[in-house]
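The values are calculated or read from the model by the stated rules, or taken from the named source; none is laboratory data. Computed from a predicted model, the values in this text were never measured in an experiment. Cβ placement follows ideal geometry from the backbone for every residue including glycine, while neighbour counts extend to all protein chains displayed.
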Amino acid sequence: MCALAWCVSSITSPALAASENGQEPSLEPTVRQLENATPKRVLFVGNSYLYYNDSLHNHVKRIAEEIGPFGPGEYQYKSATISGSRLSHHDVDGLLEPGRLGIDEPFELVILQGGSREVLTPCARAEFHAKAIELNRRIRATGAEVALYMIHAYVEPHALYDPGMFDKIQRSYMPAGNEIGALVVPVGLAFERAYRARPEVPLHETFDGTHPNMFGTYLAACVVYQSIYGQSVVGIEYDYFGEVPEETAKFLRRIADETVREFFGRDQP
């Protein structure tokens, strides 16, 4: 475990150093849309936040197959997840090798999701930031774009529940995303918005307060889809084959749409 003094002194990013020294970092995204807003080959890299509930990438792909930009069978999505993992735990070079995951052509977009504990301390945030810079360099060398999946915060009964956790998440993901020129996907922001609007709609598993339940995964999928492809999810029919009640699905789609539009400053259709 590195000492706090070493962590702070080792921070080479001006944005992160300013944040850790008490200065307000920019929470506005510098990247508001992908250069290629119609990627077919997408790799998700993360942990159980992604693979819970039939895996996030499956839901995003089903939404894309319903409303475009391409039809069923045209997308090649892969998800590489390790339980409890941080960014540093993934062999990204191996995952990016053409053919390694059954896709012959290089990925067009790689979405990175960090571990929840990577935001909790200055030391962890510094390590997250440095690893994001390193992985960004490796990913872009293959021709792919990079997105950071902004995670959600813990809720009760998690042992480390902290009402201020989401601020730490923003201070981790926004400086990193802006520095590397990545699209930051505001999933955590959508969770916060949904809980403010309707706190009675659970988005977390009640037994641990960290993993998303089906509603949380559905909301995340809507945010990811609209962030990547730009098309509103408000009118989609996809509800995970009836598993998400109609009224709840409409609410979550509206939250996703409002969050993405406000975060990126995108115009109404």
Exercise for review: Search the stretch 41-66 for residues being of a type in the set (A, V, I, L, M, F, W, C), in contact with a Ser or Thr (Cβ under 9 Å, 6 or more places away or on another chain) and assigned to a helix (DSSP H, G or I), and hand back the single one that is surrounded by the fewest Cβ atoms within 10 Å (Cβ to Cβ).
Suggested key: LEU50
Review point. List the pairs whose first member sits in the stretch 242-268 and is touching a residue at least 40 places away in the same chain (Cβ under 8 Å) and more than 27 Å from VAL31 (Cα to Cα), whose second member is of a type in the set (A, V, I, L, M, F, W, C) and assigned to a helix (DSSP H, G or I), and whose Cβ atoms are under 7 Å apart, counting only residues at least 6 apart or on separate chains?
Key: THR248/PHE215
Exercise for review: Would you check which residues across the stretch 240-269 are exposed (fewer than 12 other Cβ atoms within 10 Å of the Cβ) and either over 21 Å from ASN58 (Cα atoms) or among the acidic types (Asp, Glu) (or both) and list them?
Suggested key: GLU246, GLU247, GLY265, ASP267, GLN268, PRO269
Study note, to complete from the structure: For the stretch 146-162, the count of residues that are more than 19 Å from the chain's Cα centre (by Cα) and more than 12 Å from LEU120 (Cα to Cα) equals 4
Revision key, fill the gap. Restricted to the stretch 24-40 and to residues being closer than 29 Å to ASN213 by Cβ and of a type outside the set (A, V, I, L, M), the residue surrounded by the fewest Cβ atoms within 10 Å (Cβ to Cβ) is PRO29
Exercise for review: Looking at (1) modelled with pLDDT of 95 or more; (2) surrounded by fewer than 18 Cβ atoms within 10 Å (Cβ to Cβ); (3) in a loop (DSSP other than H, G, I, E, B), find the lone condition where GLY114 falls short.
Suggested key: (2)
Review point. Could you list, in sequence order, the residues of the stretch 148-172 that are of a type in the set (Phe, Trp, Tyr) and touching a helix residue (DSSP H, G or I) at 6+ places or on another chain (Cβ under 8 Å)?
Key: TYR149, TYR154, PHE166
